[in-house]
Each structure stands twice: as structure tokens, then as C-alpha cells.
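Down below is the structure, laid out as C-alpha cells.
The values are calculated or read from the model by the stated rules, or taken from the named source; none is laboratory data. Just so we're clear, the structure is a prediction, and the values are computed from it rather than from any experiment. Every residue, glycine among them, receives a Cβ derived from its backbone with ideal geometry; neighbour counts consider all protein chains shown.
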Amino acid sequence: MTKSSSSSSSQELTAHAEIPRGDLPFELSAEQMRSMADTLAARVIAHVDSLEGQPARAPLADAVERSRALRDAEPAAPEHGRSLEAAVAPLFEDWVHQSFNTAGPGYMAYMPAGGLFVSALADFVAAALNRYTGVWNASPLLVQLEANVLQWLRQWMGFPPSARGLLVSGGSMAMLGAVVTAREHALGERLRDGVLYTSRAAHACVGKAARTAGVLPDRVRLVDVDDRSRLRVDSLARAIDADGARGLVPFMVVSTAGTVGCGAVDPLDEIATLCAERCLWHHVDAAYGGFFMLLPELRETLAGLERADSLTLDPHKGLFLPYGSGALLVRDGELLRAAHDWHGEYLPELPPADMYNPCQYGPELSRPFRGLRLWLALQVHGAARFREALAHKRELALWAADALRASGRFDLLAPPALSLFAYRLRSPAGDEHAIDGATRALIERVNRRGRALLSGDVLGGRYYGRLNVLSFRTQRRHVERCVEDLIEEAGAA
Ligand SMILES: *Cc1c(COP(=O)(O)O)cnc(C)c1O
């Protein structure tokens, strides 16, 4: 016994002696920590500071070859460590640039956000503190910060104090939580008969969440939209009645406040009324549009949102946070808890009822301290700054829409309801199929110029370009350049 333990410890000593100098022990000296943090801070600051001059999209022509080469270069985990600087140099100098520049001011594709620097620091702090925020008892005051943040979101959305919520990684996870909650509340044993309704313009995460939550694929109805991509309430009512008459159980409607395709806002108030009449759960996917509730001038556009049974929000869109910030709010917080609560004897005792205990409101137990990135951003910048920025992004979108219309070269699907709109080339000849192709090619040419990055979508069977001003970094000059590129390339079409 003595012999073997002494021989194993001498082996350990020999092994340590062989470790090359680049290897770092896990426990670092204060000096080492400072040096590492300085190294990364310098890299990050130089990168963020140069965003203005970076292309909106790197040429991705050899992306597959490059990815394969990187795969082959690292067939196994490194046995020994090397310096931090050596490890991150290619990340900052090469890899990160082979990408859509989602942090840059020219990013007007898909759903821009930017990524607030303060929130990046908050993530660093949260991970370094490494406190446990899955259960209230483990770090009550840090969990309370999350509860405070959720409270602020709740107030902004006009939800009652009975609401509870959860900070999740994004809108897709919020959607899953909503479908599970509605299912548990409304279906019970009748899961197989449950029917969920959404519109053809809804985000793909609705179907995905329905499937994950056990709603059968043939029980998801994609309701017609009008010529502005808004869910048609008459079609919805007919579909609900038809399913009810067949003995099925219509249980949930998912409407959208700001569709991905063109930023359309469904008639939320009418849908809320219909859902109340037919006893259906109304979830509003406000992943993109929700934070426009902060702007008094958009309250009418978003009217009815505050009546929803549950709500998806994506702070990594409308609040400019780094990716990984979604939120679910449920009007009757007890129902969110009822759908997710499960107690293990190894866990600490449940806290007093008025304390927020995250693990009772979602599927996660261990989780990152998500609230800090939102809390710190609001502490440092203040809510007024967010309102002002959102109003400004909307103004820029309105300006761009007017400029494209005034050029005479574009047809708009609709004026921007929020900060996003869809357009296609105008052609007197009117061959719609040819215009689809020409618009697609136009977007590609604008993207190749590298000043802006745009994307498109098929709406009502026709291809449209999209322009979404949502990054806090996007200023007037960036939108002007983008519009200039669009008009010039349209002239070349
Ligand atoms: C972004 C978005 C989603 C999906 O959210 P993720 O954060 O990407 O998971 C869902 N619905 C809408 C309307 C969105 O804009």
C-alpha cells in the first residue's frame, strides 16, 4: 500500500517534470490572471474598435476547404497546453473574419443585434464568479437580479405581476417553453388530439417546438396570411371550428409580432379576442418585435400584445445583447411552474413562495448566470438609451424604405411596421419569375460590395430582399451606403 502510493506519486512528479513550459496549472497566480485578461482585453478591444472598417461579409468561397483543413489540423485534443496568445492569435486574425460580420454596422440581414460590450464583460464576470443560479438558495441575491430583470421585461410588455418567466438561450427555447406550458395546461391526456395554429409567415421554431413538445406534425396548422404577411383571423377562426367539429382539441395559437420575412405584426388584439372566446392559449412570438413596446409611437401597432398568455422575447435582438439571450414570459406564472416543476430530494428546500426559483420554471437545473448581461447593460446604459436607439433604428428603416420607393426601381411589400421591410425590383414587363431571379442576384451583388449584408425571403410565393435596421452600431451613414448600393445595382440589373 505504502509502496504503491509512493511509486504513483513519484510517477506524477516525473510526469509533471516532463510537461513543457507552455502548460499552465489550473490555479493561476494573480499576475498570470492579470496578464491573460490583458492579452484578451487588448485583442477584443482592437477587434471591436475596427468593426467600422471591416467588410460586412468576408468572401466565403473556400469555406468548406478551410473548415476541412481546420478539422484535419486538430484531430485530437492537445495533450499539452501552449500560450494563450498563441492559441487565440488565429481566432482574432483569421477565423473570426471568415463570417457574416454580425457585430458590424453593415449587418442588416436576418436579425441584427450588435452585441453590447458591457454584456460581454458581464459574461466574463458571471463565469469567473461561477455562482449557481439554477436554485434560489445557492445564490439568492444573484437570482434576485434575474428576477428583477424579468420584472422589468414584464412591465415593459404590460403583463400583470402574476406573470413569471425565464431567461433562456434564445427565442426558439422560449417557444418550446410556451408550447410545453400550453400543452400541460390544456391537453393532459388528450395530447394526441391537440391542434396548434400559427401563420405561414411564422418562424420555423414554432413547428420545431411543436414537434419537440409532442404535438403531432399533422396537428400543426399554417393559417393563410394577407398580402402583408399578417395572419388572417377569418381563416384562423374557420380552421379552429373545423378541427373542433372533427373532435380534435384546438389548444394554442402562435401569432407573431414582427415576422422574420418582412417584420409584419399579426392582428394581435383580434387574435387575443378570438382565443379568449374559444379558450385557446395565445402565444405571441415577439422575439424580434417585442422591445418596440418601449416606443409609445408603436403601442398601437403592437396593441393586444399585452393580452397574450405568453410571450417570446429576444434581448439578443431588440436589446442588442450578444447571442444567447432569449426570454419567456407567461401571464399566469403558476402555469409555467406547473409545467416544469419537479423536485429532487437532493436539492435544497424550496424557497418562500415570493422568491424566484429558476429551476421550477424551465427544464434546466445548472445554467449560466444569464441575468447579469442584461442587468449590467441596463445599469450602465439605462433604459432611456435603449428606447432612443430603437426609435433611431426605426427612423433609419423608414428613411431607407422611402429612399428605395422614391428611386422608382423598387416595389415594397409594405412600409416598415417596425424596423424591417421587404422590397423587390420593379419591372414594367412584370414577369414575376424573372423579377424573383433579378432581385436575388441584386442582393448578392450588393453583398459582394462588402458595405452591407442583406438577406431575402420568399413571401407570398415571390422573392423579396429584406432590410432590417436593428444593430445599435448601424448609423445613418451605413444605411445610406446600403441604399446607394441597392439603387446603383438596381440600375445595373
Ligand atoms: C429570431 C426569431 C426567432 C428564433 O429565435 P432564436 O433566438 O434565434 O432562437 C423566433 N421568432 C422570431 C420572430 C424571430 O425573429
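Scanning segment 470-489 for residues that are assigned to a loop (DSSP other than H, G, I, E, B) and touching a Ser or Thr at 6+ places or on another chain (Cβ under 7 Å) returns a single hit, L470.
The number of residues in segment 391-412 that are aliphatic (A, V, I, L, M) and touching a Phe, Trp or Tyr at 6+ places or on another chain (Cβ under 6 Å) comes to 3. Criterion applied to R43, R68, R82 was being more than 26 Å from Y323 (Cα to Cα) and out of contact with any Cys (no Cβ under 8 Å at 6 or more places or on another chain), and the one residue passing it is R82. When segment 419-449 is filtered for residues that are at pLDDT 95 or above and in a loop (DSSP other than H, G, I, E, B), only S419 remains. In segment 372-380, the count of residues that are in a loop (DSSP other than H, G, I, E, B), modelled with pLDDT of 95 or more and closer than 30 Å to S139 by Cβ is zero. Just one of the listed residues (W136, W156) is away from the ligand (no atom under 16 Å from the Cβ), surrounded by 15 or more Cβ atoms within 10 Å (Cβ to Cβ), closer than 13 Å to P315 by Cβ and among the aromatic types (F, W, Y), namely W156. Among the candidates G408, G437, the residue that is closer than 13 Å to A490 by Cβ, of a type in the set (G, A, S) and surrounded by fewer than 17 Cβ atoms within 10 Å (Cβ to Cβ) is uniquely G408. Per the conditions (1) acidic (D, E); (2) closer than 26 Å to A391 by Cα; (3) touching a residue at least 40 places away in the same chain (Cβ under 8 Å), the sole criterion not satisfied by E484 is (3).
Scanning segment 265-320 for residues that are within 13 Å of the ligand (Cβ to nearest atom) and in a strand (DSSP E or B) yields V265, H283, V284, D285, A286, L311, T312, L313. When you look at E184, is it of a type outside the set (V, I, T), more than 16 Å from the ligand (Cβ to nearest atom) and in contact with a strand residue (DSSP E or B) (Cβ under 8 Å, 6 or more places away or on another chain), yes or no? Answer is no for this residue. The set of residues in segment 295-327 being touching a residue at least 60 places away in the same chain (Cβ under 8 Å) and among the acidic types (D, E) consists of E297, E306, D309, D314. Scanning segment 249-277 for residues that are surrounded by fewer than 16 Cβ atoms within 10 Å (Cβ to Cβ) and either of a type outside the set (D, E) or under 23 Å from the mean Cα position of the chain (by Cα) (or both) yields T273, A276.
Of the residues in segment 449-456, at least one is in contact (Cβ under 8 Å) with a residue 24 or more places away in the chain, closer than 19 Å to L51 by Cβ and of a type in the set (K, R). If you go through segment 336-350 and pick out every residue that is surrounded by fewer than 20 Cβ atoms within 10 Å (Cβ to Cβ) and either at pLDDT 95 or above or under 22 Å from F159 (Cβ atoms) (or both), you end up with 4.
When restricted to residues that are outside any loop (DSSP other than H, G, I, E, B) and touching a helix residue (DSSP H, G or I) at 6+ places or on another chain (Cβ under 7 Å), segment 235-264 contains 11. Scanning segment 192-248 for residues that are small (G, A, S), surrounded by 15 or more Cβ atoms within 10 Å (Cβ to Cβ) and within 16 Å of the ligand (Cβ to nearest atom) yields S199, A201, A202, G207, A209, A210, A213, S229. The residues of segment 209-232 that are touching a residue at least 24 places away in the same chain (Cβ under 8 Å) and more than 21 Å from P415 (Cα to Cα), listed by number, are A209, A210, T212, A213, G214, V215, L216, R219, V220, R221, L222, V223. Scanning segment 27-58 for residues that are under 25 Å from the mean Cα position of the chain (by Cα) and surrounded by 11 or more Cβ atoms within 10 Å (Cβ to Cβ) turns up V44, I45, H47, V48, L51, E52, Q54, P55, A56, R57, A58.
In the condition set (1) crowded, with 21+ Cβ neighbours inside 10 Å; (2) in contact (Cβ under 8 Å) with a residue 40 or more places away in the chain; (3) among the polar types (S, T, N, Q), S366 is compliant with all but (1). Taking every residue in segment 167-181 that is closer than 13 Å to A209 by Cα and pairing it with any residue that is more than 7 Å from the ligand (Cβ to nearest atom) and among the polar types (S, T, N, Q), at least 6 positions away or on another chain, the pairs with Cβ-Cβ distances below 6 Å are L176/T212; A178/S310. Among the residues of segment 316-325, is any aromatic (F, W, Y), within 28 Å of L145 (Cβ to Cβ) and touching a helix residue (DSSP H, G or I) at 6+ places or on another chain (Cβ under 8 Å)? Yes, that holds for at least one residue.
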